[in-house]
Amino acid sequence: MKFSYTNLNICAGNNESLYAAELFSNEIFERTRVKPSVTNASKNAFVTLVTDDSVDNKDTFIISESNGGLIITAKTIRGLIFGYSLFLRKAKFISDEILLVEDICGIHKPQKKIRGHQVGYRTTPNTYDAWDYEQYFRYYLDMMAFGTNTCEHNTTKFGKKEMNPLMRYTQSEFVTEASRLADTVDLDVSLWHANDDSETEEEALAIRKKLYSQIPRIDAVFPPGGDPGNMYSDAFIERCKKISDILKKIHPNAQMHPSAQAPHSYRDWGDTLIKELNKEPDEIDALIMGPNHAFPMHELRKKTPSKYPLRFYPDITHNLRCEYPVNFLEDDWHFSLCNTLSRESVNPRPTELRTLHRTFAPYTIGSVSYSEGAHDDVNKMIWSALEWDKDADLREILLDYARMFLYEADEEKVADTIFLLEKSWQGDPVENPCIDVAYNNLCEIKRNSPSLSDNWRFMLLYFRGCCDKLVKMRRAFENMLLKKAKAHLHNNNVEKAIEILETPFNADYVTLRNELNGLAEKLFKLIGIQLDVEHYYADSWERGATLETIDNNVSDKAFFTEKLKYSLTLDSHERAAFVNRLLNRNKTETDEVYYSVALHGLNTLGVKQTGEFYMDIQGDRPYTKETPLPMSMTKVFDHFTFRANFGGFENNRDYALTIAYKTDNNPDILNHRITVNGKILYEGAQYGGYKNPDFDNELLAPGFESATYLLPSEIFINGTLELEISEPDAGFKFCELWIKKQPTIK
């Protein structure tokens, strides 16, 4: 269908539909600079908005064609907004006409009951704390454009004034107005409200009674079981029941949704939670599955009484040190990208989110995602679209995103570029051509559509493309310097090697790096995103402050430079020996093993790791600027067990196993165990083995230590070795290991 700009009147018959019509008219004006008239006369309307109580529910809407125009019918304003947003997602604005790219008539009904995102106003997010009410309302409408029906806000103690320089309101006054604004468009409101370990029960209930009385709309309350909170599960459920009673006296239709997020203090927290839920208290309405969960999704659903549906709390905002890190099926995001882009950089992950949704959505009635800012904007829209229709075409969702928000640009190129940005994070940047193609595409879009320089969504994508390009340029350059420097080190020319390693970057690199500073300032003005701490008041380096981490190490250049400068303090003989040890740190012969979690990943071990391990990334942390660590130590595997299969060892030969652990100094650990080919090699206190402080001081980073265990020849089976490291209570952390021949004794 086509509609001329000269005849864009919108018809609406009552207050709800009139308000929706005004919102729709504003959207058309934003795109065409022609504002459609809003009238209650239905004749010749290009779109008519109608509310009808007979529609199944508030989320369903119906679009039909009549007299060359469209009729959008829904139960409330919520469905009308969903309906006109579908129109906008499928519309192209060409010359003086609006062209619908497909037939949108029919009954549109979502598959999931709850489809929401957390947009909490507090100090930790990298964007939301800078917003005013108008920006929040705009974002409500943006999220609703892809089917969101729930916004989630954060609450703490009533009247608590935890604020930063960007915040205009206290949290309690903000959540009151944010709830009212949500209600104007019939958007459900969920409150994330953690238990405060310092509160008495009487204080906690009094705070909630006062807060809930103040907030005009509450549809659900989400108290996390942990993260934060340290309440044992039976006391937690009892507290939730009492809060639920207060909540429902004030908001009768509101629901209590506690989460099965377990505090780390209690090993049996989850089992006790299930015992309490098996009593089937009526005060609980659903259970939330989120980070630090007591059980994986399948186990939680299997153990939880069917009376309680599960609501998902997916982390779509974090890239590392989180529940679903980048490339979460393999957990192999390259160390150079981990180091520089860190935890909350701009992160469209369309195909990964589809995999996540296909894996976990069948267990749930829907979700409210965890978000800490606008950097995950693409992810929000993708997730909402998949919650509406699990079989939605992923590329079509991105085309919709482009038509909805970047309508000046070629939607095909935008969609392709978002896919490329995700693929830019696969493998070593120097081996990934997607980085260059994505960057070039973004530059082309920017040239062809100059107005997009004031569109924060495009500028976020462009900023990300520039970051990826910068990391690739620097890594390629530093790899080249290292290669040249090592050639001189083989001739014991340390001074020349240092000179090479300190070669400055070229002009193109410097120009691109400087552009990031300008983009950060622009984005702060456009959307309030805080890309550094000093200038834009980011909560910390880890909270999306990409400029704090973008210059972090991407190669061993800094580590080698520091060590070589140290070597100049040694006499010539000691220096030569030290440099030789440095050059050969990771080298082994063909019948030996060197393995690094960061360099080699988990897929090279010949066996899958079991359970839910944690990858503790080190390379983005501030200490690495002053104390550079080798890239081989930038990822620390944190779990209760580690398994690996190795082969190719010489028969009738003793070897030694050396493991580099993260220092823990936990005297309570007495069951650290090393098992080889089913035989216990070591069992006892952490970590056991032989110590080599000289090796640790020279070649490991501070905070790490090595332990060496003898592998007698008889422990091997036809040159193979099955290794298991385990500790059943607190677990262990390690980053690399060596299996090297022992000298033959004659």
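Every number in this text was worked out from the coordinates using simple rules, so none of it is lab data. Model, not experiment: these values are computed from the prediction. Cβ sites come from the backbone with ideal geometry, for glycine too, and all protein chains shown count toward neighbours.
Things worth noting here:
- Local charge for PRO622 was computed over the other residues whose Cβ lies under 12 Å away, with Lys and Arg +1 and Asp and Glu -1, and equals -3.
- Theoretical gain in end-to-end length, ILE680 to TYR232 [0.36 nm per residue, Cα-Cα removed]: 157.7 nm
- Set of lysines near LYS662 by C-alpha distance (under 16 Å), chain-local residues within fewer than 8 positions excluded: LYS635, LYS691, LYS733
- Extension gain from SER64 to GLU589, taking 0.36 nm per residue of separation minus the Cα-Cα distance: 181.8 nm
- Centre-to-centre separation between the Cα atoms of the stretch 478-493 and those of the stretch 642-663: 30 Å.
- Computed from Cα positions, the angle between helix 77-89 and the longest principal axis of the chain comes to roughly 70 degrees.
- Acute angle (nearest 10 degrees) that the helix 350-360 long axis makes with the longest principal axis of the chain, alpha-carbon atoms: 90 degrees
- Between 0 and 90 degrees, the angle of helix 456-489 with respect to the longest Cα principal axis of the chain falls at about 10 degrees.
- Cross-link partners of LYS472 among lysines (Cα-Cα below 18 Å; sequence separation of 8 or more within a chain): LYS423, LYS483, LYS557
- Gyration tensor verdict on the stretch 87-142 (Cα atoms; rounded if a/c is under 1.5, prolate if a/b is larger than b/c, oblate otherwise): oblate
- Simple spin-label estimate for ALA577 and ARG653 in nanometres, 7 Å along Cα-Cβ: 2.5 nm
- Simple spin-label estimate for LEU394 and ASP694 in nanometres, 7 Å along Cα-Cβ: 5.3 nm
- Modelled spin-label separation between ASN7 and ASP96, with each label point placed 7 Å from Cα along the Cα-to-Cβ direction: 1.3 nm.
- Antiparallel beta bridges, as assigned by DSSP with both residues in the chain, represent about 65 percent of the total such bridges.
- Cβ-Cβ FRET estimate between LEU329 and ASN44, R0 fixed at 56 Å, reported to 0.05: 0.55
- FRET E, pair ARG321, ARG447, Förster distance 35 Å, beta-carbon r, rounded to 0.05: 0.40
- Annotation: peptides 86-95, 100-109, ranked by per-residue average of other Cβ atoms within 10 Å with the highest first, follow the order 86-95, 100-109.
- Structure-derived Kirkwood radius over Cα pairs in Å - corresponding label in [x] 27.7; [y] 28.5; [z] 29.7: [y]
- Considering only the stretch 2-108, percent of DSSP beta bridges that pair antiparallel, nearest 5: 60 percent
- Across LYS565/LYS587; LYS209/LYS248; LYS210/LYS279; LYS75/LYS109; LYS2/LYS75, pairs whose alpha-carbon gap is larger than 19 Å: LYS565/LYS587; LYS210/LYS279; LYS2/LYS75
- Ordering of 188-194, 377-383, 239-245 by burial proxy (mean other Cβ atoms within 10 Å per residue, highest first): 377-383, 188-194, 239-245
- Computed packing ranks the peptides 720-727, 574-581, 655-662 as 655-662, 720-727, 574-581, most packed first, by mean other Cβ atoms within 10 Å.
- What the phi angles of the stretch 333-338 give under the Karplus curve with 6.51, -1.76 and 1.60, with θ = phi - 60°, is a coupling list of 4, 4, 4, 5, 7, 4 Hz, glycine and proline written as x.
- With the helix formula -39500 (n - 2.57) applied to DSSP H stretches of n ≥ 4, the chain reaches a computed 222 nm mean residue ellipticity of -11500 deg cm²/dmol.
- Placing unit charges on the Cβ atoms only, positive for Lys and Arg and negative for Asp and Glu, gives the chain a dipole magnitude near 580 debye about its Cα centre.
- Of the residues ALA361, SER345, THR317, the one whose Cα sits farthest towards the positive end of the charge dipole of the stretch 294-371 is ALA361 (charges of +1 on Lys and Arg Cβ, -1 on Asp and Glu Cβ, taken about the Cα centre).
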